[in-house]
Amino acid sequence: MAKRILFGLTAILSLGACAETPLFPGRGETPLPRGFSPSVAEEKAANRDGVNLTSEQARARVDEFRVTRDSAKEQWPVDTIGYKSFRNPGHRAVYLRRALGRYALIQAKEKGTGVSLQKVRQVARTSAPGTAGEWWASSIHKTDLSKGERNRSISLPDIVNSTVKNSHQIAAFGDLPAIRGTAIQEARGRFVPEFFAEISRSRENDRASSPAIAAGAARSITDEDEVEFGVRSRLITGGEISVSQRFTSTNTNRTSYIPGEQTDSRTTIALVQPLLRGGGVIHNDAPRRIANMDTTIAVEEFRRQSESHLLETERAYWNLYVARAVFVQKSHLAGHGQRLSNQVRNRVDIDADPILVSRAASLAAQWRADSVRAKAAVDNAEFRLAALVNDPRMGPGNVELLPSSAPNGALRVLGTEDTIEEIFKNRPELQQAILQYEAALLREGVAANESLPELDLVLEASASGGTNGRSLSGAFSDSDNGYGHLVGLKFSVPLGFDERDARYKRRRIETVQQERQVLSVISTILAEVDVSANEYIVATQDLVAQRRAQQAAQRDLNTLRNRWNEGVSGEGIALLSALLSSYQQVQSTEQAVATARATREIAAANLARARGVLLKRWGFKTDIRKDVRNQPTYKLARK
């Protein structure tokens, strides 16, 4: 009966050993950490209940678990066995993550960070001038290459969707969280049972020192065959349990063996459970929890990199818009220069000075050269956009890309829910920093446990049997079984400051460093939000100012052109110089208007990225899928 019980335990240990563990956590397991979300929710709930903490009070909650000194000027018992062994590092990590997140949020509010978003709303409510009256706006969307070459009209949403679908860079970004996710499987794999077996054969051939040893033979000969097999597994408590079966077959001429050929069996169950170093569910589950957080951090990194890539794609799209606008404007200017040069040349015999002819011809040639460089800038902008999108339909060099979206600020810049709390929950860098802080706290707890003395409980129970001859089944089923057990303790402690103590101290310093890193990242991100908001405000105001400047320059050109058409009389050189300069000034202001429009669109996209909602702006979320090799990878998918 005892042997049946032992082999029942073996079957239990083996259950699930052949099943592959999934790469990512499933339902019912420890959920993925949520970054700043719990801290924001706790602060909102407290405010609804009338509880409003100051930053000093919130900081005190973070300091509850910090290393301090008592009135006796002795170190707080952070290095004692009791502190290291019986505290719960998992609960401590969660508590401190939430406390630090709430402190950072309260501190940011007290500093007045995020006020610039209110100014953005005020500017966004003011309607910016449309493209009506800008003669070049319609020409930007028309083809200008030679006959026979293909063109493709693309809108900004089409470009974004094509980038998400085809970009090699985004695809490479998506592999990082999948790679990190394998660490979850690795952490679980530590507790997968394993089958083991060992076979040996030995012979002892000794001189018989007495006739009684080997029944009168001169040599004492013993042949022994041994086979042992079983199942062993690590436990979530840190221990190791094993169930094994050993058969030993002996053939000897020694008189101490009667008969000389017999087979023994021994069935054993053994448990070694650490009581200090390496013991505890929290300690042994920490690698999986850390791997879980590292995977989440990698997902946030994928989101951050994807947002940066989409921002670059938007910037490239609007740079193409500006390049085409400049090309159209400079081509238009070159046409004016050629007509003016011809007009002056035809009036040489009437009232035009030869200096006027050379001056007009020189600028006309320069403006033609500028249009050639502007055309090259269009080609470069197309190459840049195609490289970011990686759409094969944009690959051939003879395909002209025609941006069909107009920079009229049609996309909503801010929503009513855009607050500093939303920035804390949405910006991926903030989620990464706070999760890295929690992971550092867990690593500190693991290092604290590993610096404890070794104290292991050893338990063993066995059942043995035997039979004459070489019958394994007979030895196993022997009704006259023998039984045994073992209970013991194993203890060791270093006699000085060893490498485990050094590792623990390093982890403690790393935790403090990561806490400071969280606060530093928050300051940087919130400053970036304010700067991005101000850039959008300035871009919107600059567009209005540039439009006014362009209209004023156009009025000045019209006046000078009317005077020129009336005749140059005695002020020909001065009037021509003023007219040519006015043409250049009009083209410069037109280029400034086109650039200001694109700059405003880029500033709006950059503000969305600074708030962590650029993917949400386009309706995307991160999702895990399978690639062409049936391997997990992360993609951007529609919500």
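Nothing in this text is a laboratory measurement; each read-out follows from the coordinates by a stated rule. All figures in this text were calculated on a predicted structure; none of them were measured in a lab. Because the Cβ atoms are built from the backbone with ideal geometry, glycine has one as well, and the counts that use them run over all protein chains shown.
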Practice prompt. Compute the distance in nm between two label points, each set 7 Å from the Cα along the Cα-to-Cβ direction, one at Ile179 and one at Lys626.
Written response: 2.3
Worksheet entry | Whole-Hz ³J(HN,Hα) from phi, Karplus 6.51 cos²θ - 1.76 cosθ + 1.60, for region 276-284, glycine and proline x | 10, 5, x, x, x, 5, 4, 4, 7
Practice prompt. Would you pull out the residues with amide H under 5 Å of Ser153's amide H, same chain only if 5 or more places away, H placed 1.01 Å from N?
Written response: Leu402
Worksheet entry | Rounded to whole Hz, the Karplus (6.51, -1.76, 1.60) HN-Hα couplings of region 421-435, x for glycine and proline | 4, 5, 5, 4, 7, 9, 6, x, 4, 5, 5, 4, 5, 6, 6
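May I ask you to order 134-140, 443-449 by the average number of other C-beta atoms within 10 Å around their residues, highest value first?
Values: 134-140: 17.4, 443-449: 23.0.
Result, highest mean first: 443-449, 134-140.
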Discussion item. Using DSSP to call loops (not H, G, I, E or B), can you name the chymotrypsin sites (Phe, Trp or Tyr not before Pro) in region 444-526 whose Cβ has at most 15 other Cβ atoms within 10 angstrom?
Written reply: Phe497
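Using the Kirkwood radius built from alpha carbon pairs, what does the Stokes-Einstein equation give as D for region 275-326 at 20 °C and 1.002 mPa s, in µm² per second?
Values: Rh = 14.6 Å.
D, rounded to a whole number, is 147 µm²/s.
Can you pull out the GluC sites (Glu not before Pro) in region 139-245 whose DSSP state is coil and whose Cβ has at most 13 other Cβ atoms within 10 Å?
Values: sites: Glu149, Glu186, Glu194, Glu198, Glu204, Glu224, Glu226, Glu228, Glu240; in loops: Glu149.
Answer in residue order: Glu149.
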Worksheet item: Just how far, in whole angstrom, is region 184-215 from region 453-472 if you go by their alpha carbon centroids?
Response: 13
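Compute the Cα gyration tensor for region 478-572, then decide on rounded, prolate or oblate, letting a ≥ b ≥ c be the square roots of its eigenvalues: rounded whenever a/c is under 1.5, prolate when a/b is larger than b/c in the other cases, and oblate in all that remain. Numbers along the way, then the final one.
On the way: a/c = 6.97, a/b = 4.36, b/c = 1.60.
It is prolate, given that a/c is not under 1.5 and a/b is the larger ratio.
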Worksheet entry | Hull volume in cubic angstrom per residue (convex hull over the Cα atoms of region 227-273) | 70
Worksheet item: Once the other residues with Cβ under 10 Å from the Cβ of Ala291 are scored (Lys, Arg +1; Asp, Glu -1), what is the net sum?
Response: +2
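Summing +1 for each Lys or Arg and -1 for each Asp or Glu, what net charge is found among the other residues whose Cβ lies under 13 Å from the Cβ of Ala45?
Numbers: positive: Lys44, Arg48, Arg98, Arg102; negative: Glu42, Glu43, Asp49, Glu421.
Every neighbour counted, the sum reads 0.
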Response to the item:
Number of Lys pairs in region 496-639 closer than 20 Å at Cα, excluding neighbours under 8 places apart unless interchain, is 6
Practice prompt. Would you kindly give the portion of the calculated P(r) for region 504-639 that falls above 22 Å, as a percent of all Cα pairs?
Written response: 67
Worksheet item: Taking K and R as +1 and D and E as -1, what net charge do the other residues with C-beta under 10 Å from the C-beta of Tyr321 add up to?
Response: +1
Fill in: ³J(HN,Hα) computed for each position of region 164-171 - Karplus, 6.51 cos²θ - 1.76 cosθ + 1.60, integer Hz, glycine/proline x
4, 7, 10, 5, 5, 5, 5, 4
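Among 425-436, 52-63, how do they line up from the highest to the lowest mean number of other beta-carbon atoms within 10 Å? Present the calculation step by step, with values, prior to reporting the outcome.
Values: 425-436: 22.8, 52-63: 14.8.
Packing order, densest peptide first, comes out as 425-436, 52-63.
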Worksheet item: Hey, quick one: spin label on Phe195, modelled 7 Å out along Cα-Cβ, who in region 229-262 has an amide N within reach, i.e. under 12 Å?
Response: 229-232
